[in-house]
1. Can you say whether A46 is surrounded by 21 or more Cβ atoms within 10 Å (Cβ to Cβ) and in a helix (DSSP H, G or I), as far as the supplied structure shows?
2. What is the residue count in segment 17-29 for residues that are more than 12 Å from F63 (Cβ to Cβ) and in contact with a Gly (Cβ under 7 Å, 6 or more places away or on another chain)?
3. Output the qualifying pairs, or none if there are none: Cβ atoms under 7 angstrom, residues six or more apart or on different chains, first residue in segment 5-23 and within 19 Å of F75 (Cβ to Cβ), second residue among the aromatic types (F, W, Y) and surrounded by 18 or more Cβ atoms within 10 Å (Cβ to Cβ).
4. So which pairs qualify, if the first residue must be in segment 63-88 and modelled with pLDDT under 95, the second must be of a type in the set (A, V, I, L, M), the Cβ gap must be under 7 Å, and the two must be at least 6 apart or on different chains?
5. Could you look through segment 51-99, keep only residues that are farther than 16 Å from G15 by Cα and small (G, A, S), and pick out the one that is surrounded by the fewest Cβ atoms within 10 Å (Cβ to Cβ)?
Amino acid sequence: MHAVVLYLGRILFGGYFIVGGYNHFANLNTMAGYTHSKGVPAAKIAVAGSGLLLFIGGISMLFDVYPLVGLIALFLFLVPVTFSMHAFWRIQDPMARMGERVNFMKNLALLGGTLILLSSVLS
């Protein structure tokens, strides 16, 4: 039973990041426009780089391959994106602010999960 739960968790956690990485490349121009609107320099490169981090982290989690590398990739994605792209405190429009707050909190939870997994890899 433990193995089934672990593999299901790997599918959900890793799959989430793989899909996110895929979307970064499949919607590169659209995402680069949004990223540019948030003040990120070299937005297209930033989107491609963050997509690569997501893909590396997701594959690593899904297949348990180089978990330290994968978790570091996820950490390197989540920290800057959470605080720059989802800075809800800068948004005036209440609906947009709420949407950014939801994404900010989701990313904090994903970052927490990443740190929990990282602690188990490091021990």
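1. Here the answer is yes, as A46 does meet what is asked.
2. Residues that pass the stated criteria total 4.
3. From segment 5-23, the pairs are I18/F55; G21/F55.
4. Sorted first by the residue in segment 63-88, then by its partner, the pairs are S84/V40.
5. It comes out as A96.
The values are calculated or read from the model by the stated rules, or taken from the named source; none is laboratory data. Here the structure is a predicted model, which means the values were calculated and not measured. Cβ sites come from the backbone with ideal geometry, for glycine too, and all protein chains shown count toward neighbours.
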